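A short worksheet on the structure shown next.
The values are calculated or read from the model by the stated rules, or taken from the named source; none is laboratory data. Just so we're clear, the structure is a prediction, and the values are computed from it rather than from any experiment. In this analysis, Cβ positions are derived from the backbone assuming ideal geometry, glycine residues included, and neighbour counts consider all displayed protein chains. To get the accessible areas, we keep the full protein, side chains included, count just its heavy atoms, and leave off ligands, DNA and RNA. Shrake-Rupley method; radii C 1.70, N 1.55, O 1.52, S 1.80 Å.
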Amino acid sequence: MRTLYHFWISPGCRKVRLALDEKGLKFGLQIEKPWERRPNLLARNPAGEVPILVDENGAVIADCQAICEYLEETYEDVPLMPKDPIERAEVRRLVAWFDHKFYREVTDNLVDEKVMKRLTKSGTPNTAAIRAGHHNIHYHLEYITYLVERRSWLAGEEYGLADIAAAAQLSSVDYLGDVPWDQHPAAKVWYSRAKSRPSFRGILGDNLPGMPAPKHYADLDF
């Protein structure tokens, strides 16, 4: 059985879940709390981080982008990247934008401060960081607007890995109700299209114990 070791709110884990579902690959989910640093986790990934994919062939792959690249190269029937090298480079650029820049400027300041500190009991939320996250997200939503006003999807005419990376980050923040969708209608339309895809159903059904999602979170017509 193909198994993904993950944690609910992690955008990197959500990115891999979306990629697996888009490719029609069946998998089981195993919750892993990275801060517990279980020996089995460290044996699979010495970095002590999720996601980790254990494929049906026994291969163990860690890191969300490494997993997505592996899936793309191994299961080619449903491609998530274009064939053209220049177009592929654009997808990789945008994936890095959301995996790193968006995460650093938004997700880390909101999800990690509000959720992970509570779960790991590692201190009180940093209000300055939260303010920065609320400020920075407007810049990223404006950039999404810029892209979708010129393309059907973020990287081009087809839904793919760039959209998955962006939607994974935004879904984590949206779980907290911290995305100002009404101020960015074009980005909201793009996200509504993304989360209406069947691959999103599992993520929209996520429920953090003691931390319910806002009502609009799973609403496709929010």
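Just for region 189-222: of the residues that are aliphatic (A, V, I, L, M) and open to solvent by 60 Å² or more (accessible area, probe 1.4 Å), which one is farthest from E22 (Cα to Cα)? Ranking the candidates gives V189 first. Within region 86-107, none of the residues are more than 20 Å from the chain's Cα centre (by Cα) and within 29 Å of I130 (Cβ to Cβ). When region 117-154 is filtered for residues that are of a type in the set (A, V, I, L, M, F, W, C) and under 18 Å from P11 (Cβ atoms), the ones remaining, listed by number, are L119, A129, I130, A132, I137, L141, I144, L154. Residue check: R2 meets all listed conditions (1) touching a Phe, Trp or Tyr at 6+ places or on another chain (Cβ under 7 Å); (2) buried (at least 19 other Cβ atoms within 10 Å of the Cβ) but one, namely (2).
Applying the set (1) crowded, with 16+ Cβ neighbours inside 10 Å; (2) under 16 Å from the mean Cα position of the chain (by Cα); (3) within 25 Å of E87 (Cβ to Cβ) to L176 leaves exactly one unmet item: (3). Restricting region 169-222 to residues that are outside any helix (DSSP H, G or I) and of a type in the set (K, R), the residue that is modelled with the highest pLDDT is R197. Close contacts from region 132-143, counting a first residue that is over 19 Å from S192 (Cα atoms) and a second that is open to solvent by 70 Å² or more (accessible area, probe 1.4 Å), with Cβ to Cβ under 7 Å and a gap of 6+ residues or different chains, come to none at all. Scanning region 18-50 for residues that are among the charged types (D, E, K, R), part of a helix (DSSP H, G or I) and either within 23 Å of T120 (Cα to Cα) or open to solvent by less than 10 Å² (accessible area, probe 1.4 Å) (or both) yields a total of 2.
Candidates A165, A218, A187, A132: the one that is within 15 Å of the chain's Cα centre (by Cα) and within 22 Å of L110 (Cα to Cα) is A165. Against the numbered list (1) touching a helix residue (DSSP H, G or I) at 6+ places or on another chain (Cβ under 6 Å); (2) of a type in the set (A, V, I, L, M); (3) over 19 Å from C68 (Cα atoms), V189 comes up short only at (1). Against the conditions (1) in contact with a strand residue (DSSP E or B) (Cβ under 6 Å, 6 or more places away or on another chain); (2) surrounded by fewer than 21 Cβ atoms within 10 Å (Cβ to Cβ); (3) modelled with pLDDT of 95 or more, W8 satisfies every one except (3).
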